[in-house]
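Chemist: My structure is below; once you've seen it, I'll send some questions.
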Amino acid sequence: MLLGLITPTGGTGEILGESIKHPERYLPRVGAMIEGPAFYPALSGKENLNVLATLGGFSTDRVQGLLEQVGLGERGKSKFKTYSLGMKQRLGIAAALLPNPKLLMLDEPTNGLDPEGIQEVRALLRSLANDGTSVFVSSHLLSELELISDYLVMLRKGEVVFTGKMTDLMLSQQPVIIAKGASENDLIKLLAIAEQAGHHATIRDGAVHVQGPAEWALDFNRAAFNAGITLSQLTPQLPNLEETFFEMTGDK
Amino acid sequence: MWNVAFAELRKLRRPTLFFGTMGAVVFFSALFSSLLFILIDSPQGNSDRGRVVGREVLGLATGGVQGFTSVGGFLGIIALCVFAAQTAQEYTYGTLRNLLVRQPGRLRILLGKFVAMKLFALVMIVLSAIVSIGASVILAPGAEVSTDLWFGADGRHAIFTTFVNVTISVIGFGTVGMVLGLLLRSPISAISLGVLWLLIVENLLVAVKNSWQSWLPGSQLSAIASGGSASGPVSGAIEYSHALLIGGIYVAVGATIASFLFVRRDVAN
């Protein structure tokens, strides 16, 4: 809908100050890769970008530079059908960068990339953002989003669960103290100790997860010792984005 | 629109498509024209569907373009396949999304693609004309056919008229292919349906009732290529103006419906 592919049936929206009812006014300043990279298999990566550059009225002189920027400088002349999934993904990102966009929309940009490629894409997106490009990433990989995002819109079943700064979201979450004992029986005792002290606690993945400030870990350790439990792990930490998502949606 | 046309030309010039198509055009143009002269004395005929085109006909001012006229319908089939494939592949590859993001004006996309494919078809037609007339010139002396009138004023007029008629016909066939590509959104389905209809269904219908030939789209477009006289053992003549009108209506209605759907339809995948 944001890219003018689907007609809105109601509501309003703006991109770069223009209504989404007139995508032709903002799309020349928007780069996008959605639903995975789609190109002509019989054309080379470079020629595929030339087609899109010609179509959008951009100079084809930029194409080789973009291929090098995404690590495809050496394979630009190979046909698209010979590319690996990661190479296709890189070409999709290069195509999205063709208009030198003010807004970049990427759907699962690290899909199919090797760990090195993922690092490179993260660095590329960060440098684009630092240079003033708004980078809009949609992904199911919450750990990935946690690493690259400044702002977050969290959706569940089509409804907005959270919108705002990533730091605000994480700071609003209760810290968690993760504790492990020697046996299953110890976990039940630890759970009881935490609950008696007025903290919400659950047993998950072979450990007790207690909501409470990091400072309470000292009291918790002492109480466990007094109860005859030797802790094998006691870790105060902030919940990650995935845990926060489940906490907010109540799914787990 | 021109940006779309130039972008489309980049796709159309890829070697396998361009040289493959032009190779087929050269081969069949040479074949159709050669058979006219090589089989000139054959009792089974020397033209399409067993028609006999004798020395006296080939010696006329229009004799030099007989082969070109015969291959016109075949060029139409090639154009239908190319137009259908180039249009429908945008759906199957998912590249339509890219096109619409870079050029949100959907009618501009259609017009640009159409212009580029017309240019491609024009190259096909020029090449076919050169090969078929060239083959006729080379083979005519051996078949004892006079070429004296072929390049006189009347002959040049015949070449020009045939070129225009074949061009209109080929563009018509191509537009039908594009319409099928837009409606069916699959190259295989679009080409299969188009070729099946033109080569089999229409012939069966005409065999059942000869008068239907005057109202079927493929017959009108073929009649335009041959200047208004459709050929074949079961056919009657179709007037050029009638073929132009009915064929034009088919193409215009199909193009309007397909364009409307293309502009209005959401692109969700």
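Derivation of every value follows stated rules applied to the coordinates shown; laboratory data play no part. These numbers come from a predicted model, not from an experiment. Every residue, glycine among them, receives a Cβ derived from its backbone with ideal geometry; neighbour counts consider all protein chains shown.
Chemist: If I take every Cα pair under 8 Å that is 6 or more residues apart in region A:173-240, average their sequence separation and divide by the length, what percent do I get for the relative contact order?
Modeler: Value for region A:173-240: 49 percent.
Chemist: Using a Gaussian network model of chain B whose springs link C-alpha atoms within less than 10 Å, name the residue from B:V131, B:V208, B:V115 with the highest mean-square fluctuation.
Modeler: B:V208
Chemist: Sticking with this structure for a sec: Using θ = phi - 60° and the Karplus relation 6.51 cos²θ - 1.76 cosθ + 1.60, list the HN-Hα couplings for region B:26-36 in order, rounded to whole Hz, with x at every Gly or Pro.
Modeler: Residue by residue, region B:26-36 yields 4, 4, 6, 5, 5, 5, 4, 6, 4, 4, 4 Hz.
Chemist: A follow-up question, please. P(r) of chain A in 10 Å steps, Cα pairs, percent per bin?
Modeler: For chain A, the pair-distance distribution reads 7, 24, 24, 18, 13, 10, 4, 0.
Chemist: Something else now. Over region A:1-128, what relative contact order in percent results from Cα pairs under 8 Å that are six or more residues apart?
Modeler: Contact order relative to length: 29 percent.
Chemist: Summing +1 for each Lys or Arg and -1 for each Asp or Glu, what net charge is found among the other residues whose Cβ lies under 10 Å from the Cβ of A:R29?
Modeler: Numbers: positive: A:R25, A:K102; negative: A:E18.
Taking every Cβ under 10 Å from that of A:R29, the sum is +1.
Chemist: Compute the acute angle (0 to 90°) between the alpha-carbon long axis of helix A:45-56 and the principal axis of greatest extent of the alpha-carbon atoms of chain A; round to the nearest 10°.
Modeler: Between the helix axis and the principal axis of chain A, the angle is about 70 degrees.
Chemist: Say each of A:S127 and A:T230 gets a label point 7 Å from the Cα, pointing the same way as Cα to Cβ; how far apart are those two points in nm?
Modeler: Result for the modelled spin labels: 5.2 nm.
Chemist: Also, I was wondering about something else. Considering only B:A153, B:A237, B:A84, give the residue with the highest GNM mean-square fluctuation for chain B, with springs between Cα atoms whenever their separation is below 10 Å.
Modeler: B:A153
Chemist: Out of the DSSP beta bridges found with both residues in region A:91-179, what percent are antiparallel (nearest 5)?
Modeler: Numbers: 6 of 11 bridges.
If we restrict to bridges inside region A:91-179, about 55 percent are antiparallel.
Chemist: Find, among the trypsin sites (Lys or Arg not before Pro) in region A:56-157, those assigned to loop by DSSP (not H, G, I, E, B) with at most 12 other beta-carbon atoms within 10 angstrom. Walk me through the intermediate numbers first.
Modeler: Details: sites: A:R62, A:R75, A:K77, A:K79, A:K81, A:K88, A:R90, A:K102, A:R122, A:R126, A:R156, A:K157; in loops: A:R75, A:K77, A:K102, A:K157.
Sites meeting the loop and neighbour criteria: A:K77, A:K157.
Chemist: At 1.002 mPa s and 20 °C, plugging the Kirkwood radius over alpha-carbon pairs of region A:14-139 into Stokes-Einstein gives what diffusion coefficient in µm²/s?
Modeler: 146 µm²/s
Chemist: Can you pull a Stokes-Einstein diffusion coefficient for region A:173-240 at 37 °C (0.692 mPa s), Rh from Kirkwood over Cα pairs, as a whole number of µm²/s?
Modeler: Approximately 286 µm²/s, per Stokes-Einstein.
Chemist: Further question on the same structure: Kindly provide the pair-distance distribution of chain B built from C-alpha pairs, with 10 Å bins from 0 and whole-percent values in order of increasing distance.
Modeler: The distribution over chain B is 7, 29, 33, 21, 9, 2, 0, given as percents.
Chemist: Enumerate the aspartates and glutamates that B:K118 could reach by cross-link, defined here as Cα to Cα under 14 Å, with residues fewer than 8 away along the same chain left out.
Modeler: List returned: B:E8.
Chemist: Right, another one. Around A:L106, which amide H atoms from residues at least 5 apart in sequence, or from another chain, sit under 5 Å from its own amide H, with H modelled in the peptide plane?
Modeler: Distant-sequence amide H within range of A:L106: A:M33, A:F136, A:V137, A:S138.
Chemist: Right, next: For region B:76-159, what mean projected area does the convex hull of the alpha carbons give, in nm²?
Modeler: Projected over every direction and averaged, the Cα hull of region B:76-159 covers 7.8 nm².
Chemist: Considering only DSSP states other than H, G, I, E and B, which trypsin sites (Lys or Arg not before Pro) in region B:2-47 qualify as loop sites with at most 15 other Cβ atoms within 10 Å? Could the numbers behind the result be given before it?
Modeler: Values: sites: B:R10, B:K11, B:R13; in loops: B:R13.
In loop regions of region B:2-47 (DSSP not H, G, I, E or B), the sparsely surrounded trypsin sites (Lys or Arg not before Pro) are B:R13.
Chemist: For the pair A:E74/B:D154, report the inter-label distance in nm, with labels modelled 7 Å from Cα in the Cβ direction.
Modeler: Label-label distance for A:E74 and B:D154, simple model: 7.0 nm.
Chemist: So, one more: When every alpha-carbon pair in region A:62-127 is counted, what percent end up more than 14 Å apart?
Modeler: Everything past 14 Å amounts to 55 percent.
Chemist: Still on this structure, I have one more. So what are the ³J(HN,Hα) numbers for region B:193-208, from phi and the Karplus equation (6.51, -1.76, 1.60; θ = phi - 60°), rounded to whole Hz, Gly and Pro as x?
Modeler: 5, x, 5, 4, 5, 5, 8, 10, 4, 5, 5, 5, 4, 5, 5, 6
Chemist: How far is helix B:153-184 tilted off the main Cα axis of chain B, in degrees rounded to 10, range 0 to 90?
Modeler: Once rounded, the angle reads 30 degrees.
Chemist: Now, a different point. Working from the pairwise distances between different alpha carbons, so that the mean of 1/r is found and then inverted, what is region B:160-254's Kirkwood radius in Å?
Modeler: Taking every pair of different Cα atoms in region B:160-254, averaging 1/r and inverting gives 13.4 Å.
Chemist: Helix B:240-264 versus the longest principal axis of chain B: what is the Cα-based angle in degrees, 0 to 90, to the nearest 10?
Modeler: So the helix axis and the longest Cα principal axis differ by about 20 degrees.
Chemist: Please report, in whole Å, how far the alpha carbons of the protein assembly as shown spread along each principal axis, starting with the longest.
Modeler: 119, 49, 45
Chemist: Please tell me the relative contact order of chain A in percent, rounded to the nearest whole number, where contacts are Cα pairs under 8 Å and at least six residues apart. Could the numbers behind the result be given before it?
Modeler: Details: 371 pairs, mean separation 35.3, N = 252.
Relative contact order, chain A: 14 percent.
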